[in-house]
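The values are calculated or read from the model by the stated rules, or taken from the named source; none is laboratory data. All of these numbers come straight from a predicted model, not from anything done at the bench. Note that each Cβ is placed from the backbone with ideal geometry, even for glycine, and that neighbours are counted across all protein chains shown.
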C-alpha cells in the first residue's frame with residue numbers, strides 16, 4: 001500500500017511523543033483526519049510503545065522497537081514489535097475494579113483495548129497489532145467502543 | 001512542555017503545559033512531592049493547557065493522590081478537555097478524584 005511505512009526507534013521513552021506525532025501527521029496526509037483518530041490512535045500507539053520500551057525491552061538502550069503502519073481504505077493498522085521475551089496479555093487484571101483502581105500501573109493495555117477495534121498479540125507476546133476502523137460503528141464513534 | 005507551580009492561599013496550584021506522559025511524569029511527581037515534604041497539603045493540578053495524558057501520567061496522579069492523602073491532604077484536578085475526560089471515565093478514575101471544570105472552581109472552598 002502506498003501509505004505504508006516503518007519506524008525503527010531506540011528504547012528511549014522520550015522518542016515516543018515524536019514518533020506518535022509523526023504517525024499522526026502521516027495519517028493527516030493520508031486523509032485520515034477524523035478528530036477521533038487523533039485520540040484513539042494516539043492512545044493506542046502511545047501505550048503500545050510505552051509497554052514495548054518499559055516492559056518488553058526493559059529500558060535496555062541496546063534494544064529497539066519497530067513500528068509498522070499501514071493505512072488502507074477505511075482502516076488503520078499499527079504493529080509494534082519489541083525485542084523482549086514477551087508476556088501474557090491475559091495476565092493483566094482489569095484496572096477499573098475496586099481492588100485495582102488505586103494501582104499506579106496496568107492501565108495501558110486496558111486503554112488500548114477500549115480505544116481500538118482490534119488489539120492482538122503474537123504467541124510470544126512481544127508484538128502487538130492495533131486496528132482502527134474508520135467506518136460507521138467503529139471505535140471512532142464517541143471516542144471509545146460502545 | 002513543563003509544569004508551572006504557584007500558590008493560591010494555602011493551595012498549591014500545578015499547571016501542566018503540553019502533555020503528561022511517560023517521558024515527563026517523574027518531573028511532575030518530584031515537583032509535587034517536594035511541595036508535600038515542605039508542608040503543603042492542598043493541591044490542584046490544572047490541565048487547561050494539556051493536550052494528552054497517557055497511562056503512566058494517570059498512574060502518577062493516582063500515586064500522588066495516595067501520598068497526599070497519607071499526609072492528611074487532598075489532590076484535586078481541574079479543566080480536563082473532552083478527550084482527557086474520556087480517559088478518566090474509561091478508567092473510572094473520575095470516581096477517584098474531585099474534578100472541577102475550572103481551576104477557579106477547584107480552588108473555591110478548598
When the residues of segment A:101-122 are narrowed to those that are without any contact (Cβ under 8 Å) to a residue 60 or more places away in the chain and touching a strand residue (DSSP E or B) at 6+ places or on another chain (Cβ under 6 Å), which ends up farthest from residue A:38 (Cα to Cα)? A:121
Quick one: which of A:17, A:102 is within 12 Å of chain B (Cβ to nearest Cβ) and part of a loop (DSSP other than H, G, I, E, B)? A:102
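Condition check ((1) at pLDDT 95 or above; (2) surrounded by fewer than 12 Cβ atoms within 10 Å (Cβ to Cβ); (3) under 16 Å from residue A:54 (Cβ atoms)) across all residues:
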| position | (1), (2), (3) |
| --- | --- |
| A:79 | yes, no, no |
| A:89 | no, no, yes |
| A:92 | no, no, yes |
| A:103 | yes, no, yes |
| A:111 | yes, no, yes |
| A:130 | yes, no, no |
Name the one entry in B:95, B:50, B:102 that is surrounded by fewer than 14 Cβ atoms within 10 Å (Cβ to Cβ) and in contact with a strand residue (DSSP E or B) (Cβ under 7 Å, 6 or more places away or on another chain). B:102
Could you list, in sequence order, all residues of segment B:69-110 that are under 17 Å from residue B:41 (Cα atoms), within 13 Å of another protein chain (Cβ to nearest Cβ) and within 13 Å of the chain's Cα centre (by Cα)? B:75, B:97
Residue ranges of helices (runs of 4 or more DSSP H) in chain B with at least 2 members touching a residue at least 60 places away in the same chain (Cβ under 8 Å): B:103-107
In the set A:98, A:61, which member is more than 20 Å from residue A:7 (Cα to Cα) and out of contact with any strand residue (DSSP E or B) (no Cβ under 6 Å at 6 or more places or on another chain)? A:98
Against the definition (touching a helix residue (DSSP H, G or I) at 6+ places or on another chain (Cβ under 8 Å) and either more than 10 Å from chain A (Cβ to nearest Cβ) or farther than 21 Å from residue A:106 by Cα (or both)), how does residue B:13 come out, yes or no? yes
Would you be able to tell me the number of residues in segment A:105-123 that are under 20 Å from residue A:84 (Cβ atoms), part of a loop (DSSP other than H, G, I, E, B) and away from chain B (no Cβ under 14 Å)? 2
